[in-house]
Amino acid sequence: MTTLLTAAEQKKPNLWRRARHSFAVARHEPANLIGLVLAIFFAYLILAPVLSILVDSFIVQSGDEARTHQDEGSFTFYYIVRTLYSRISEILIWQPLYNTLAIAASTVVFSMSIGVVLAWLVNRTNMAGRAWFATALIVPFMLPTWTFALAWTTIFKNRTVGGQPGWLESLGITTSNSVAYGYFPIVFILVLHYTPLVILIVGNALRRLDSQMEDSARVLGAPSRTIAFSIVLPLIRPALMSAALLIFADCIGEFAVPYILGLPVRYDTLATGLYRALDTRQNGVAAVIAAVIMIIGVITLLIDVRMMKEARRFVTVGGKGNMDRLRKLGRMRLPASGFAGAFVLIGVVLPLLTLFLSTIMILPGRFTLDNFTLDYWIGSNLDTVALRNGILLTPEFWQAAWNTIVIVGSSSMISGVLGLLVGYAVLRCSFKGVGSFLRQITFLPYLVPGIAFAAAFLSLFAVARGPIPALYGTPLILIIALVAEKMPFASRSGIAAMTQLGKEPEEAARIAGANWFSRMGKIIIPIQAGPLATGILLPFISGIKGVSLFIILAIPSTDVLTTYSLRLLDYNYDQAANAVVLMIALIAWLGTVLIQKISGTGLAQGLEN
Amino acid sequence: MPAITLTNLTKCYDGNTEPSVDQVSLTVEDGEFMCLLGPSGCGKTTILRMIAGIEHSTSGEIAVDDLVVDSVHQSCFIPPEQRRIGFVFQNYALWPHMTVERNVDFGLRLQKVPAQERKERCLDVMSKLRILEYADRYPSQLSGGQQQRVALARMLAVNPGVLLLDEPLSNLDATLRLEMRAELRRLHQTFGTTIIFVSHDQWEAMTLANTIAVMNKGQLQQIGTPDEIYAEPSNRFVAEFIGNPKINLIKLKESNDKFINLASHILARQPESKFADVCAIRPEEIILTNTANINTLPMVIENIMPTGGSWVIELSFAEDRLFHSTQSRPKWREGDQVNAYLPTPSLHFFDHDEKRLVLSESHLDYSNLLPSSALPNKQNANQIHTNQSYAKQA
């Protein structure tokens, strides 16, 4: 047995044989079936609503027959023309579009400027209280945006709007509309909310940066300034761009803040305009606005993808540097901490304190002892028209809390498990097309801001279609919409977890003789328990804070905490509304702490994902 | 009875035009300890994964114990969980959430072996692999060598007919590698299992396997015992791949069709049909002397590199660089002129297709030297001149 180089030439098996063989192989790979089922499922859950709303903008909606002089359901350009070119298009789209872009752009500029400075202070200087600030500065990102909006109105509200006056108003200081409502407070609040995101992303990039690159520059005699501007800044530029685009995209879809602070002065953004259109039953116009929001989202993310591709060219592998990278601030050490402290004060302490004080004050802005009460929390038989008990004694509150837990909890659980299955199918499926389709379609909701997605869901599931009954008004539509909305995150973390796990543990189990169910039950799921728990809890937290999906899809019987608080606000039960908001913030914070405990990662890493 | 038979096994990954495994036919006898040896990317791991069933073939056939497990022609594919073949992954793939003992008895549990027997077999294999004391630890608490023993124990516990090892020693440090090498040999003797392992390390293959299958670019190059592969490489690739320092190759000049012309000094008569292109000699076969004669080549010592107990000497011969290795301390210094004698039986010749040319002794003929004036290359002429004067001095 010395050589065996040539074997009898066998003719290449024909297509039919190969297909049958592939089938024989695929039969033993359940990932194929899972992949196919998931693909169909998500096509219906994600693709269909988006297509449906795009189609809606070209179809005569019910009730518009007279205006369009066409039958319901026929093809029309009426909505496009009305929204984009008519006399009222200035109000319908152009002004809101301008406002939205102005808010998004300003928020990006300001939060980037503040965030980069803070990230640098926290990561690269000997600022006093560095470690504490590393956590404290992130807190505003954990609070729902409209927490700040409510705190803002509590202080600055003026006579433009009825109901209880703001604190300044009752102290005799009249606030102008431009301070109380509209562009300025919205940007101010969004900057507070998104600056921590910049700190997280840029801080992480700073930490991952191979310090040997800086060290090499230092060894060559470069002063700190040169290092910062010619080495560090170019290297973290991808992170900066990515943070900027993320914030931009999020601001486009932001609904709650302009809803609270913009509506009183008719300062509309696309999101509130969409809501207004839906509320006034102009479904066709709403579809066009939703499409515009989606297009902006798609453009933003295409830019992001392109930049990330470029960024990959200079991905650096972290190394260990020994040189001291912390810059001595000297006399600026305390002022730097003062700056960071001011951010925490304005971004965390003031809003929460304001909200809390507002819930224990009978008349706003009167700081006398007899004005304080715990009635709004635990009182009973109050002297009000409705809501005669404190919020903690009100059955509706607990109903809403229960709804929140059930709806958000079950949808997070479903999306977490689906995410893991998507990860499994994407990596194991024998047919490449199915895998990449799954990967892309689960990412699609990310391109569509929540409010547009909710509108899309409404358009598809409001009426019975085929075997699926009308879902509007049931908790089911909320659960399904939430699942779909959370899929980009869930599938990404599922794919990441499965990629990190690799195929080998499962292959080893196959070789040991395990069938698919034992492989799943005894190997994959136990190993992935940690990521799975995080993959459920993170969507849960962001789901609790979410507004846009609920405000369109929820009805009073499916009230969740967010819609409940907004409803209370509408009825001018400000104290109760703020109390509910505080409870939401509390739940969100507890959930984040829980994630930290489970995953063992720091707060910062946990949130960034 | 052959344990495993591969017939024209071919694997084409999606999107690749070149097959990763190209028409490989190979028989592994029961109880054999075989190594698939080749550079990275040559398809050896793919073959191993196809035998295990983790990968499927594009064409050809795999039979285990005469039972066809993967064949496109028969549209047959038996999944890995039904093949009862052991496979130890390169990075072990231990289940991180299970203790060592649970890892080892996982397969037995699946086979529904009664608890008592399971315990016994588990203890037995763990003690044979000397990991009994770590039974309650988790894989992350073990060193690389211990992890590997767990991975082996996990497969041996179910007593598979064939054990496949993917680069079994590559993740270990040098000392552990030596230890595990002995361990694997011992295992093969104790359990009598057929073992196929994959390696890119010729030293590992030489020391462990009793049969080596050398692969390159998806194709099988040569199968044989370690000695055969070393002594009679069937082509230039095998000759170059095996041996450290690498075999010396001397490009032969295009000359008349009658003789092999090695830098005008060594001539061999060509066989009738084939033409030799390259002459090769192992570094340790070169003999260096001070005396020049008709059978020696003049060379200059460029570099002497001690490698601990042996020496590697870099020689320059015209434009060629040759390596010579020796166990005895060299008596020359760098820059010295020496004469190299290349013993005829140690010379390998390869034709233009890089295939081995078998030249019988009678084909080699040193008596027919070309006259130095016939040399086209001036530099060579100078060298010979120097050599002649050197020879005169000697």
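The values are calculated or read from the model by the stated rules, or taken from the named source; none is laboratory data. The structure displayed is predicted, hence computed values, not measured ones. Glycine also receives a Cβ, built like all others from the backbone with ideal geometry; neighbour counts cover every protein chain displayed. For the accessible areas, the whole protein counts, side chains as well, though only heavy atoms, and no ligand, DNA or RNA atoms are used. Shrake-Rupley method; radii C 1.70, N 1.55, O 1.52, S 1.80 Å.
Tally Lys/Arg at +1 and Asp/Glu at -1 over every other residue whose Cβ is under 13 Å from the Cβ of A:L357; what's the total?
With Lys, Arg at +1 and Asp, Glu at -1, the neighbours total 0.
How much accessible area does A:M241 have with a 1.4 Å probe, in Å² rounded to the nearest 10?
For A:M241, solvent-accessible area is about 70 Å².
Classify the range A:1-153: rounded, prolate or oblate, from the alpha-carbon gyration tensor (a ≥ b ≥ c, eigenvalue square roots; a/c under 1.5 rounded; otherwise prolate if a/b is larger than b/c)?
oblate
Rank these by accessible area, largest first, 1.4 Å probe: A:R87, B:R236, A:R266.
A:R87, A:R266, B:R236
Tell me the per residue accessible area of the protein assembly as shown using a 1.4 Å probe; a whole number in Å² is fine.
45 Å²
Take the alpha carbon atoms of the range B:107-171, find their center, do the same for the range A:216-242, and report the distance between the two centers in whole angstrom.
51 Å
Could you state how much accessible area A:M142 has, in square angstrom rounded to the nearest 10, with a 1.4 Å probe and all protein chains kept in place?
10 Å²
List the trypsin sites (Lys or Arg not before Pro) in the range B:119-150 that DSSP assigns to loop (not H, G, I, E or B) and whose Cβ has at most 16 other Cβ atoms within 10 Å. Which are they?
Here the trypsin sites (Lys or Arg not before Pro) that fit, given the DSSP loop and packing criteria, are B:R130, B:R137.
What does the C-alpha gyration tensor say about the overall shape of chain A? Classify as rounded when a/c is under 1.5, otherwise prolate if a/b is larger than b/c, or oblate.
Note, shape of chain A comes out oblate.
Among A:R82, A:R519, what's the order by accessible area (1.4 angstrom probe), most exposed first?
Heavy-atom accessible area, descending, gives A:R82, A:R519.
Please figure out what share of the DSSP beta bridges in the protein assembly as shown is antiparallel and state it in percent, rounded to the nearest 5.
75 percent
Evaluate peptide B:85-93: per residue, the Cβ atoms of other protein chains within 10 Å of its Cβ; return the mean as an integer.
Per residue, the average neighbour count from other chains is 4.
When a/c reaches 1.5 or more, the comparison of a/b and b/c decides; with that in mind, is the range A:228-311 rounded, prolate or oblate per its Cα gyration tensor?
Cα axes put the range A:228-311 in the oblate bin.
How big is the A/B interface in buried accessible area, both sides summed, 1.4 Å probe, to the nearest 100 Å²?
For A against B, buried area totals roughly 3700 Å².
With the dipole of the range B:67-209 worked out from charges on the C-beta (+1 for Lys and Arg, -1 for Asp and Glu) around the Cα centre, which of B:A209, B:L142, B:L123 lies farthest toward the positive end?
Of B:A209, B:L142, B:L123, it is B:L123.
If you add up the charges near A:R276, with Lys and Arg at +1 and Asp and Glu at -1, over every other residue whose beta carbon is less than 12 angstrom from its beta carbon, what do you get?
0
Could you please put B:T10, B:T175 in sequence from largest to smallest accessible area, using a 1.4 Å probe?
In descending accessible area the options line up as B:T175, B:T10.
So which trypsin sites (Lys or Arg not before Pro) in the range B:274-361 end up in coil per DSSP with only 12 or fewer other C-beta atoms within 10 Å?
B:K331, B:R333
Nearest 20 debye, what's the magnitude of the dipole of the range A:78-231 about its Cα centre given +1 on Lys and Arg Cβ and -1 on Asp and Glu Cβ?
40 debye
Let me know the charge dipole size of the protein assembly as shown about its Cα centre in debye, to the nearest 20, where only the beta-carbon of Lys, Arg (+1) and Asp, Glu (-1) is charged.
Roughly 1640 debye, rounded to the nearest 20.
Let me know the charge dipole size of the range A:193-245 about its Cα centre in debye, to the nearest 20, where only the beta-carbon of Lys, Arg (+1) and Asp, Glu (-1) is charged.
I would put it at about 80 debye.
In this model, which of A:K486/A:K522; A:K432/A:K545; A:K309/B:K217; A:K503/B:K217 are farther than 30 Å apart at the alpha-carbon?
Beyond 30 Å between Cα atoms: A:K432/A:K545; A:K309/B:K217.
I want the local charge near A:I93. Using Cβ-Cβ distances under 11 Å, sum +1 for each Lys or Arg and -1 for each Asp or Glu among the other residues.
Spelling it out: positives minus negatives among the neighbours equals -1.
Need one value: the accessible area of B:Y230 in square angstrom, 1.4 angstrom probe, rounded to the nearest 10.
Accessible area, nearest 10 Å²: 70 Å².
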